[in-house]
Amino acid sequence: MEQYKQEFIEFMVESEVLKFGEFTLKSGRKSPFFMNAGAYVTGTQLRRLGEYYAKAIHDNYGLDFDVLFGPAYKGIPLAVATTMAISELYGKDIRYCSNRKEAKDHGDTGILLGSKLQDGDRVVIIEDVTTSGKSIEETFPILKAQADVEIKGLMVSLNRMERGKGEKSALEEVRELYGFPTAAIVSMADVVEHLYNRECQGKIVIDDTLKAAIDAYYGQYGAK
């Protein structure tokens, strides 16, 4: 596993974005882990987060694209931080764009924040995590209504590797339904591999008991 992926896994734990225990998800599933990207709240955290996204986007899609689109609301700071990181790390100036939940009818009118979209723009979509394809169901028509753009791919921070509406993972469902690539900085398999019986912040994060709970969870809800 690449060094930046190992660092990102520990960064999620240190930032209390990725927690382990007993959680009830919106779906009603009882999960032994929970991710809350809203816990990234400091300038240092956002700078580092942007760097991890930038490296993953570079590895998966290259930098031959024009716009990084972050769906409102959580995708907005992700798009801003990552375009800054791409500029800093690779010297490539990418435009950022996000949508408003409600279109403005005065001043800077329209549904988009940041850059306008133009015909021929190549767009990478950036999100925190995709547990279902619902956000893309909302995002895809917004993008296509603005201009004749090409979606190069979707990048999320964590692939939960759970079933979506069917037997496949949400990322696989999005890929099949919309026909563009999907990727994550890391998967839960990467997280378990890196943290199992390994100290992080002076303690073992995933011990035998938690590993068994995670295995049982994926036995019930894991993507096929």
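Observations on the structure shown:
- Scanning the stretch 12-53 for residues that are out of contact with any Pro (no Cβ under 8 Å at 6 or more places or on another chain), farther than 22 Å from A81 by Cβ and small (G, A, S) yields S27, G28, S31.
- The single residue among R163, R175 that is closer than 26 Å to V13 by Cα, at pLDDT below 95 and of a type outside the set (D, E) turns out to be R163.
- Criterion (closer than 21 Å to E173 by Cα and not in a helix (DSSP H, G or I)) met by exactly one of F140, F69: F69
- Here T82 meets the list (1) over 28 Å from I111 (Cα atoms); (2) in contact (Cβ under 8 Å) with a residue 40 or more places away in the chain; (3) not basic (K, R) almost entirely, failing just condition (1).
- Scanning the stretch 202-215 for residues that are without any contact (Cβ under 8 Å) to a residue 24 or more places away in the chain and either in a helix (DSSP H, G or I) or in contact with a Pro (Cβ under 7 Å, 6 or more places away or on another chain) (or both) yields D208, T209, K211, A212, D215.
- Test: residue in the stretch 81-92 that is buried (at least 19 other Cβ atoms within 10 Å of the Cβ), of a type in the set (S, T, Y), in contact with a strand residue (DSSP E or B) (Cβ under 8 Å, 6 or more places away or on another chain) and farther than 20 Å from Q3 by Cβ: yes
- Residues of the stretch 1-36 satisfying the condition of being among the aliphatic types (A, V, I, L, M) and in contact (Cβ under 8 Å) with a residue 40 or more places away in the chain: M1, I9, M12, V13, L18, L25, M35
- Residue in the stretch 186-201 that is closer than 26 Å to Y61 by Cα, touching a residue at least 60 places away in the same chain (Cβ under 8 Å) and part of a strand (DSSP E or B) present: yes
- The listed residue being in contact (Cβ under 8 Å) with a residue 60 or more places away in the chain and of a type outside the set (D, E), out of V123, V129, V156: V129
- Single residue of the stretch 83-111 satisfying the filter (modelled with pLDDT under 95, outside any strand (DSSP E or B) and acidic (D, E)) that is nearest to the chain's Cα centre (by Cα): D108
Residues checked against (1) outside any helix (DSSP H, G or I); (2) more than 17 Å from the chain's Cα centre (by Cα); (3) of a type in the set (D, E); (4) within 30 Å of I214 (Cα to Cα):
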site: E22; (1), (2), (3), (4): yes, yes, yes, yes
site: G28; (1), (2), (3), (4): yes, yes, no, yes
site: V41; (1), (2), (3), (4): yes, no, no, yes
site: T44; (1), (2), (3), (4): no, yes, no, no
site: A81; (1), (2), (3), (4): no, no, no, no
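The values are calculated or read from the model by the stated rules, or taken from the named source; none is laboratory data. As the structure is a prediction and not an experimental result, all values here were calculated from the model. Positions of Cβ are generated from backbone atoms using ideal geometry, with glycine treated the same way; all protein chains shown enter the neighbour counts.
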